[in-house]
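Notes follow once the structure below has been shown.
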Amino acid sequence: RWISSKKKKKNGKKMVCSFRGSVSHGLTLELGETVQILEKCEGKSFSRSIGIFPVGYIHLKKAVVTNRGQYETVIPLEDPIITEVTSTLQEWSVLWKQLYVKHKVDLFYKLRHVMNELIDLRRQLLSGHLTQDQVREVKRHITVRLDWGNEHLGLDLVPRKEFEMVDADQISVSDLYKMVSTLTASRWVFDVCFFISEVVNHYNVLCSCKLQIDFIYEMLVHMTLWRMLLNDSKKGPPHVQYRRPYGCAVLAMSDVLQTISELKEEKDFVLKVYTCNNENEWYQIHENIIRKSSTKYTAPSTNYGLIISLQLLRGDMEQVRRENPMIFNRGVAITRKLGFPDVIMPGDIRNDLYLMLERGDFERGGKSVQKNIEVTMYVLYADGEILKECISLGSGEHNISEYRSFVLYHNNSPRWSEVIKLPIPIDRFRGSHLRFEFRHCSTKDKGEKKLFGFAFTPLMREDGTTLSDESHELYVYKCDENTTFSNHALYLGLPCCKDDFNGCPNIPSSLIFQRSTKETLWISTQLSSTKLTQNVDLLALLKWKAHPERVMDILGRLRHVCGEEIVKFLQDILDTLFSILDDNTDKYGPLVFQSLVFIINLLRDSKFYHFRPVMDTYIQKHFAGALAYKELIRCLKWYMDRSAEVVRQDHIQEAMRALEYLFKFIVQSRILYSRATCGMEEDQFRASIQELFQSIRFVLSLDSRSSETLIFTQAALLNSFPAIFDELLQMFTVQEVAEFVRGTLGSMPSTVHIGQSMDVVKLQSIARTVDSRLFSFPESRRILLPVVLHHIHLHLRQQKELLICSGILSSIFSIIKSSSLVHFGQCTDWLTRTCPLSDWQGEYVSCLLSLLRQMSEIHFQHLLDNFQSKEELKEFLLKIFCVFRNLMKLSIFPRDWNVMRLLTSNIIVSTTQYLSPALHKSFTDADFDFKVWNSYFSLAVLFINQPSLQLETLTPAKRKKVFDKYGDMRVMMAYELFSMWQNLGENKIHFIPGMIGPFLGVTLVPQIEVRNIMIPIFHDMMDWEQRKNGNFKQVEAELIDKLDSLVSEGKGDENYRELFSLTQLFGPYPSLLEKIEQETWRETGVSFVTSVTRLMERLLDYRDCMKGDETENKKIGCTVNLLNFYKSEINKEEMYIRYIHKLCDMHLQAENYTEAAFTLLLYWELLHWEERPLREFLHYPAQSEWHRKEGLCRKVIHYFNKGKCWEYGIPLCRELAFQYESLYDYQSLSWIRKMEAAYYDNIMEQQRLEPEFFRVGFYGRKFPFFLRNKEFVCRGHDYERLEAFQQRMLGEFPQAIAMQHPNQPDEGILQGDAQYLQIYAVNPVPENIDVLQMDRVPDRIKSFYRVNNVRRFRYDRPFHKGSKDKDNEFKSLWIERTTLILTHPLPGISRWFEVDKRELIEVSPLENAIYVVENKNQELRTLISQYQHKQLHGNINLLSMCLNGVIDAAVNGGIARYQEAFFDKEYISSHPEDTEKITQLKDLMQEQVHILGMGLAVHEKLVHPEMRPLHKKLIDHLNIILRDIYNFENKLNVFHNKDGTVSVTQYVHLMMLKCLIFMN
């Protein structure tokens, strides 16, 4: 029993296995298709598509059904990106297989890999076991792969928001345009992390650096290797270690990134270790390697070195930690940048002092050789205690308490250039100092390191500042090797450097440590600390209460403090400033205001921009200046009011730039005051704000054209102004703030001539206003929109700053609703003026489309009613139609922006429907305007022909998606076009013949309904021209011309063949033929339709051949067919000439020069030797008819020469000579006569091969129209025999079946749905028999006439009539001779021509014998003649083989068989009518013997000595032939002549005697 399934309609059903539907009423379904179950019965379900299938083949999924009814849509209730992956994979699967067929193997395997990845990622999403971050990451990977695949497969760009496809109906066109533009133009800037595993050492280093990919080439991995030397001396202490330089390895990161950027796993790299040639250069060995200064280092002798493993990780540090936990579990270290990065992040707390041990200068100390110096460094606290673990040698290493430098052998001026990091705790920094001890290392002196001096430097100066970031030259003090430094105070009182010495002028000379004046140590330091400062002025500000009398000076010096120092102590500085303000507002107020402005502007720098959140946090949570707002407002107003008076306005401009944070302080201060006082002085605050805004309006209203400084002030104010809206909204209502803003924007000059820079700033301020939160409130938009649009209109009208205006409009359209469109009355007109002219047309297109999309019929009516005259309406319609036509060009939107194209088309067709009534109402009948109507029709035609609307070219899934969303918009526009055409009435005649071509182009769209709508329009055109002119010649001529042009461009399909002649079409409109048959002019109309239909068949065949990978023969044959049709049936001379030249070009490409000449001769024959001027045509310039014919004649002669058909060129030479002679152009006459003479020489001297001819039959309905069930004779190529020709034809028609018999095909083959080829050789029947029969004509000339200008060909089929004679088959061997007569002689304009008719005769055995012997005699005579005249020389194998073949055949019974069959008394008596033929055969046999004798004579002269045995054999065989003939005659005794003359036998004896004499 079938059970209804209506209750389950909320479930979608997906096929999990394909079902072929092989059972009765089975529904064929594919994997992944969605079905809707209507009924269920015993394991089978019944679907809406009418059919049954097994229940087990589906999986139930939750879904919603929209648009219930006939065209329901089932939407699964799952993550949209899962649905997209499913549909995309289905679409890709079809294209993926095509990649393999098209041999795009690389993309085939790449796409397979991506598809597998997508399936795996989809499975992860469906599992439901991922965290939110993991889901987001999986979606990101999915979208990247989807976009990659779509791009490489040439599919559409998919706009997304938060990884999900965007529904074009849910967002504005402007937002959609921005989204798609962003996807197209996006660039990748990402964080790069490298994981380096060092094989030699046990370090794990993770280097994090933010990189722009374009600037990565200077990065290097630089590794320096040391070797530890042990003291092996028996005298000294064991295990004394020294660091000695060993080698250096460098790896360029530019090479690394190119290799690992696409990899997800680690990749190993080998770093070669280079050694230094001179230790003095060790400090710069890495630079020498980079510069490739090979003289300063030595490469390893073998390819050994360090192997490091690198992996590229993308993202910030937090993301990298989260995504790669295993890497961080391996003990990696984070290497921070030396110093602060360009952008200092809030909360980035550091206190690192980087020290570079640069170099030193030391004395020998009385030794003969230089020292081996090692430097030891300690960090000591104020009490002399060595700070533990405060020295870091590098990332990944444990901190140490003592640093030792490497040792350079015998070098008193060592250069180390080694960097050490000192992570000293903040509380230990003050009072700490560094001590450097210098020791001489030697293995000879008991292996000890002897102390000989030291240097030191404190880390913090007396004024509280730290060591400055620069190079420091430290004094070296002498000491002996037993010095213990137990009392650090003994040396801390000494000067450490030159600056310190200047501060201590009176130093006693009786100290324990004496300075070595010739010895120094150079170090450089760099502090990276967020807690310590090196600036004295900053310390003075923070401790201002210690010196209150210096506050004015301290505040003035704040500007000179480094920005890094200010942001590090931002909160402390702000607290200090407001405490100073509270201390004495009147005295310090302006200076505090200036300092606050300075700090605020400092945070506008990109380097410190990330500290703005710190400022925001301070204002919200730490700021306590409840009274500050009064002074801030007062100072700000004072600055603005003075802007008209002051010449230098730098301080005013700075205040304007700081407007945002000044208002933040003002509002927060007022909030604090209100809380403290329960809202006291509210009116005074509002009044002060009102006055402040009056000052703002005053500044903006000033005429700045004469003052550049005022322009900068106004620009600074406008730039900062939109940023204060959110602060004002905390204290005022939306309407109040909107009124403030409207007044301010309204105070700006209403002109676009105030200067380009100011125009830009003004519009940018308006743009930020539109993008602000204030504009999102409907009540504020009602206030602000008029003033915003006013300024936009000014600029659009003047075509100024169009890009910014487009951005403002885009933002407006993104948020407004249709109810707000009343303010856009003139905007549509201005947008249409702007779109086609602007370089930013894409932005304006999106604005215009957004506006039109939201406009309803009421809005359009309101817009049209506002036009004051029909001229204004006409101009508007022309403009908007022009814009719409531009929108449909591919240059507006890129090829893959199909979502934008479809949306645009939908808006265009909707708008056109709204505008059509106005066009009909205002410009019909008496007010008819051709220009507007023509623009409308052109728009409609272009719309229907858009590539993006041709649904037939889309994949089934995409076609369904587009159709469900928009329908077939071509049909909608076609109905609109037909309706408007019907409204034209008598004005239709104005569009004949102009619109025939465009309308015909619409009918070529492969959409049945569109064609059926358009066809009756052609009847109207024919009818109206018939009424006006009594015929429709214009329609006929234009239709044929445009049809040829359009189809040649590749348009039209198989169904188009019968378009004009069908008697019943789909839809409410009758066919063209039906309508014509009802007219009085139906006879000419039907004839015209018939001709057009036949032309259509030929054009479509031509189109198919041209656009496919067809062979030249097919293309040539198709072109010949079409060319003949234009000449014979339609008589369109211009089209005929065009195809003559197309055919000529094809022949030239195929090197068919003779055929090219005959083709061009067709045009030559159309011209006359007259001076009539001819227009420019094809590649011919404007010239007289005489000159064009002369040029053609020369070209034809040239082609005949290249084709070696000089006999055809000679008459043309004569005609050209006649023309030159009549004009007394003797120079040209001489040239043409010489050419004619050369042609005669060529005929006699050059070798020409006789081509073979083949008959080809094309049978079956699968062949093109011009070949189907027809037979042709083809002129073969040089040296081409039957087998080669058959292979060539089967190659051109690979689907064809070769017929193995020459019989005529039956009806089954003719009407079969296949291709059959029947090929066999045929022999030409020469037309010019007279030339061939003339004895004195050279054989070279006869050879030409045997195979040229031939129209008749024949082939023979042997058969036996009656019973076959077993003893001699020649007696009953008859020949069925078929003669084929062609439509044109060969050679001609093609290498093959169709057979026009066939003639069939039967040849008796005697006639066949005559024919065989005669042909063989002719062949022998020709060959012998060629050797006699030395036309063939050198190799005589051809003559030997021919003679051998004839003589052998005769010896083996050939001639004897003929004698037995036809010279028998019984045959002669029974066939008295054959007496003459018998005599003819006797004469031919005698002639053959004579020819053989002549041939052997020639062979005698030319034969090579090695071939003499063959020659003797031939003579012997010829004697046998003569003897057999003699014996046969004696036996029969029937060859005596009645008149007593010599008998045949006697004649034969005489011939034998002559031959023998001649041979001897």
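The values are calculated or read from the model by the stated rules, or taken from the named source; none is laboratory data. Computed from a predicted structure; not experimentally measured. Counting neighbours? That spans all protein chains shown, and the Cβs are built from the backbone with ideal geometry, glycine included. For the accessible areas, the whole protein counts, side chains as well, though only heavy atoms, and no ligand, DNA or RNA atoms are used. Shrake-Rupley method; radii C 1.70, N 1.55, O 1.52, S 1.80 Å.
Values as computed for the structure displayed
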{"item": "Strands (runs of 3 or more DSSP E) (entirely within region 289-403) containing at least 1 residues that are free of Cβ contacts under 8 Å to residues at least 24 places away in the same chain", "result": "none"}
{"item": "Selection count, region 906-936, where residues are surrounded by fewer than 21 Cβ atoms within 10 Å (Cβ to Cβ), of a type in the set (Phe, Trp, Tyr) and in a helix (DSSP H, G or I)", "result": "2"}
{"item": "Check on Ser674, among the hydroxyl-bearing types (Ser, Thr, Tyr), open to solvent by 20 Å² or more (accessible area, probe 1.4 Å) and not in a helix (DSSP H, G or I)", "result": "no"}
{"item": "Residue check, Arg970 closer than 24 Å to Ile892 by Cα and open to solvent by less than 20 Å² (accessible area, probe 1.4 Å)", "result": "yes"}
{"item": "Subset of region 653-672 [modelled with pLDDT under 90 and over 53 Å from the mean Cα position of the chain (by Cα)]", "result": "none"}
{"item": "Odd one out for Tyr475 among (1) part of a strand (DSSP E or B); (2) at pLDDT below 85; (3) not β-branched (Val, Ile, Thr)", "result": "(2)"}
{"item": "Residue satisfying condition, being buried (at least 19 other Cβ atoms within 10 Å of the Cβ), over 28 Å from Ala687 (Cβ atoms) and of a type in the set (Phe, Trp, Tyr), within set Phe712, Phe721", "result": "Phe712"}
{"item": "Matching residues, region 558-595, being in a loop (DSSP other than H, G, I, E, B), touching a helix residue (DSSP H, G or I) at 6+ places or on another chain (Cβ under 8 Å) and not aliphatic (A, V, I, L, M)", "result": "Phe569"}
{"item": "Residues (part of a loop (DSSP other than H, G, I, E, B) and crowded, with 17+ Cβ neighbours inside 10 Å) located in region 1327-1348", "result": "Asn1348"}
{"item": "Scan of region 631-653 for residues that are open to solvent by 20 Å² or more (accessible area, probe 1.4 Å) and assigned to a helix (DSSP H, G or I), ordered by number", "result": "Arg634, Lys637, Trp638, Asp641, Arg642, Ala644, Asp650, His651"}
{"item": "Qualifying residue in region 965-980 (condition: under 26 Å from the mean Cα position of the chain (by Cα) and either of a type outside the set (Val, Ile, Thr) or closer than 23 Å to Leu848 by Cα (or both))", "result": "no"}
{"item": "Flag if Phe928 is among the aromatic types (Phe, Trp, Tyr) and within 27 Å of Ile1040 (Cα to Cα)", "result": "no"}
{"item": "Among the residues listed as Arg797, Arg742, the single one being of a type in the set (Lys, Arg) and over 20 Å from Ser695 (Cα atoms)", "result": "Arg797"}
{"item": "Hey, Glu1134 buried (at least 18 other Cβ atoms within 10 Å of the Cβ), among the charged types (D, E, K, R) and assigned to a helix (DSSP H, G or I) or not", "result": "no"}
{"item": "Members of region 1472-1507 found to be outside any helix (DSSP H, G or I) and either touching a strand residue (DSSP E or B) at 6+ places or on another chain (Cβ under 6 Å) or open to solvent by less than 70 Å² (accessible area, probe 1.4 Å) (or both), listed by number", "result": "Val1503"}
{"item": "Some residue of region 1275-1286 being free of Cβ contacts under 8 Å to residues at least 24 places away in the same chain, of a type in the set (Phe, Trp, Tyr) and surrounded by fewer than 12 Cβ atoms within 10 Å (Cβ to Cβ)", "result": "no"}
{"item": "All positions within region 1252-1271 that are touching a helix residue (DSSP H, G or I) at 6+ places or on another chain (Cβ under 6 Å), at pLDDT 90 or above and surrounded by fewer than 20 Cβ atoms within 10 Å (Cβ to Cβ)", "result": "Asn1269"}
{"item": "Index of the failed condition, Thr1383 passing every other in (1) surrounded by 15 or more Cβ atoms within 10 Å (Cβ to Cβ); (2) closer than 23 Å to Val1256 by Cβ", "result": "(1)"}
{"item": "Residue match in region 949-960 (condition: charged (D, E, K, R), surrounded by 21 or more Cβ atoms within 10 Å (Cβ to Cβ) and in a helix (DSSP H, G or I))", "result": "no"}
{"item": "Region 523-568: number of residues that are open to solvent by 40 Å² or more (accessible area, probe 1.4 Å), in contact (Cβ under 8 Å) with a residue 12 or more places away in the chain, over 57 Å from the mean Cα position of the chain (by Cα) and within 14 Å of Gly464 (Cβ to Cβ)", "result": "2"}
{"item": "Hits in region 603-613 - residues which are in a helix (DSSP H, G or I) and buried (at least 20 other Cβ atoms within 10 Å of the Cβ)", "result": "Phe611"}
{"item": "Filter pass, Glu1097 being in contact with a Lys or Arg (Cβ under 6 Å, 6 or more places away or on another chain) and either open to solvent by 30 Å² or more (accessible area, probe 1.4 Å) or among the charged types (D, E, K, R) (or both)", "result": "yes"}
{"item": "Qualifying residue in region 282-290 (condition: open to solvent by less than 50 Å² (accessible area, probe 1.4 Å), modelled with pLDDT of 85 or more and over 24 Å from Ser254 (Cα atoms))", "result": "yes"}
{"item": "Flag if His823 is modelled with pLDDT under 80 and part of a helix (DSSP H, G or I)", "result": "yes"}
{"item": "Ile1013 being at pLDDT 75 or above and among the hydrophobic types (A, V, I, L, M, F, W, C)", "result": "yes"}
{"item": "Failed item, numbered, when Thr1383 is tested on (1) over 56 Å from the mean Cα position of the chain (by Cα); (2) within 30 Å of Ala1150 (Cα to Cα)", "result": "(1)"}
{"item": "Subset of region 364-380 that is more than 17 Å from Arg415 (Cβ to Cβ) and modelled with pLDDT of 90 or more - its residue that is most open to solvent (accessible area, probe 1.4 Å)", "result": "Tyr378"}
{"item": "Residue count, region 275-288 (criterion: over 46 Å from the mean Cα position of the chain (by Cα) and either part of a helix (DSSP H, G or I) or more than 18 Å from Glu418 (Cα to Cα) (or both))", "result": "8"}
{"item": "Out of Arg187, Arg145, Arg140, sole residue that is open to solvent by 40 Å² or more (accessible area, probe 1.4 Å) and at pLDDT 80 or above", "result": "Arg140"}
{"item": "Residue count for region 1138-1153, restricted to those that are touching a residue at least 24 places away in the same chain (Cβ under 8 Å), open to solvent by less than 10 Å² (accessible area, probe 1.4 Å) and either of a type in the set (Ser, Thr, Tyr) or closer than 25 Å to Ala1037 by Cα (or both)", "result": "1"}
